[in-house]
1. Inside the range 150-199, can you point out the residues that are under 17 Å from residue 10 (Cβ atoms) and either β-branched (Val, Ile, Thr) or without any contact (Cβ under 8 Å) to a residue 24 or more places away in the chain (or both)?
2. Against the definition (out of contact with any Gly (no Cβ under 7 Å at 6 or more places or on another chain) and assigned to a loop (DSSP other than H, G, I, E, B)), how does residue 257 come out, yes or no?
3. Report yes if residue 264 is at pLDDT 90 or above and open to solvent by less than 30 Å² (accessible area, probe 1.4 Å), otherwise no.
4. Do we find that residue 248 is open to solvent by 50 Å² or more (accessible area, probe 1.4 Å) and on the phi > 0 side of the Ramachandran plot in this structure?
5. What's the number of the condition residue 128 fails, among (1) under 30 Å from residue 222 (Cβ atoms); (2) touching a strand residue (DSSP E or B) at 6+ places or on another chain (Cβ under 6 Å); (3) without any contact (Cβ under 8 Å) to a residue 40 or more places away in the chain?
6. Could you give me the residue pairs with C-beta distances under 6 Å whose first residue belongs to the range 259-286 and is more than 24 Å from residue 249 (Cα to Cα), whose second residue is of a type in the set (Val, Ile, Thr) and open to solvent by 50 Å² or more (accessible area, probe 1.4 Å) wherever it lies, and which are 6+ apart or on separate chains?
7. For the range 63-90, what are the residues that are more than 20 Å from residue 27 (Cα to Cα), touching a residue at least 60 places away in the same chain (Cβ under 8 Å) and touching a Pro at 6+ places or on another chain (Cβ under 8 Å)?
Amino acid sequence: MEKTKAYELLGPDSPLQDLVQRTNRLLRRLWIEKKLTRTQLEKLLVDPAKGELAHLYFLPKAHKLGAPLRPIVSGIKSPPMAISKFLDKCLRPLFDQMAEHSSIKGGIYLLNKLQKWARWRLATTTHFLTVDVSDLYTMIPQDGAVDALRKLFSHLKLTNVSGLSIETILELTRFVLENNYFVLDGLYYRQIRGGAMGSPLTLTIANVYMFFYERPIAKMIKRQGGLYYRYIDDIFMTSTATPEKIKDWVRHWNRLDSNIQLTAQISQTVDFLDIHIENKNGVLETSVFHKPSHEPYYLPFSSLSRNSSTGTIVSGRIFVNSAYQRNMTIRPSIDHVSARSVQLTHFHPRQLPDNAPGRPTKSTLRRQRRKRLEMVYACGRGTRKRQPALQSSIRLATPRHTVNVEEIVVIDLRPCFSPRGELLEGFP
């Protein structure tokens, strides 16, 4: 808090009641001026009985030296939260559209682009740069954030978004940024710089601000045949320049904006997000990277998480490990990744989710069992004769029935079970 100077001490008196009144007053004024619809007004109004001030807590960055703290403002019930979610829903698709050629959503997206680039551009002298932006969320000036949004609308040539005028969006954005209050140890604070890390709108504003800051940098790198991509406050670049020349560039970039300070690492072997990237004499090699604080499990054995959540984790880790280590092309589906490619030692066998790769779901098992029983009834266990529908040489293995491979089996394709598993009429 002392480092960024982003918080102002207010004292022991709670500003909650005043904040609720000012929020509702602003929304009603915009509705009277016909800048908001009735539906939007009802969605954004704050209930005084349910409003709460945000709480500040800290998460240690265990993967960094000294374990610095990351401030998190938890304001789920804070008065401006509904406005923040509403604006983020309107603005985030615009940023994704504007920054599709310089922004990524994760390590897998970077790997795909890096492999395509390396086929023609990677040289033995190519260096990789990983750049970290210091305290991005709390260092962006609030006026600069509003100006960045104005540049966004100008860049995309927009006059309104989701039925709201540009000035209305900017007014609501300024209100959200300037009214981040929270309580810590019985004292109340207001954030006077940047946005709250915990507010949905803050991420979008930080991305928009960084987009216009990084434009000359990205153009310079790409003009020299390099690669430039950013994930929030982490930047990845490639260049064939010498390390001394690159360090001069970084010093120049730090003078472009006093609010943005970059820390760069230059090498032919780097770790970025969850990828280990290496240039071996002009050959790209990648593998999975785990930070020193990485734990060897994703969910504890006693976890009560839903099967859909645990299955996603297992499938995702199999996909990432296989893709990063084999340099394979990323596809939307993971059906081509074998479940045996990664040992699922992080899960107890009984807690392996039903939808994990290689294990059929319960519905699939029920469907397979129903088909086996239908074939048993169709193969003559009953006394009623049936018209032959299909002849095939198959081998059935059930507790009470076995058919040799050479035996001709008559199979009736009529369903004999209802969707509930009950035996239909006409079958014994």
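The values are calculated or read from the model by the stated rules, or taken from the named source; none is laboratory data. As the structure is a computational prediction, the values presented were derived from the model and not from experiment. Using ideal geometry, Cβ is built from the backbone for each residue, glycine included, and neighbour counts are taken over all protein chains shown. These area figures cover heavy atoms from the full protein model, side chains too; ligands, DNA and RNA do not enter into them. Shrake-Rupley method; radii C 1.70, N 1.55, O 1.52, S 1.80 Å.
1. 183, 185, 192
2. yes
3. no
4. no
5. Residue 128 satisfies every listed condition except (3).
6. Close Cβ pairs (under 6 Å, with a partner that is of a type in the set (Val, Ile, Thr) and open to solvent by 50 Å² or more (accessible area, probe 1.4 Å)) amount to 281/124.
7. The answer is 63, 70.
For (1) under 24 Å from the mean Cα position of the chain (by Cα); (2) among the basic types (Lys, Arg); (3) open to solvent by 80 Å² or more (accessible area, probe 1.4 Å); (4) closer than 30 Å to residue 95 by Cβ, each residue gets a yes or a no:
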residue: 242; (1), (2), (3), (4): no, no, no, no
residue: 254; (1), (2), (3), (4): no, no, no, yes
residue: 257; (1), (2), (3), (4): no, no, no, yes
residue: 277; (1), (2), (3), (4): yes, no, no, yes
residue: 284; (1), (2), (3), (4): no, no, no, yes
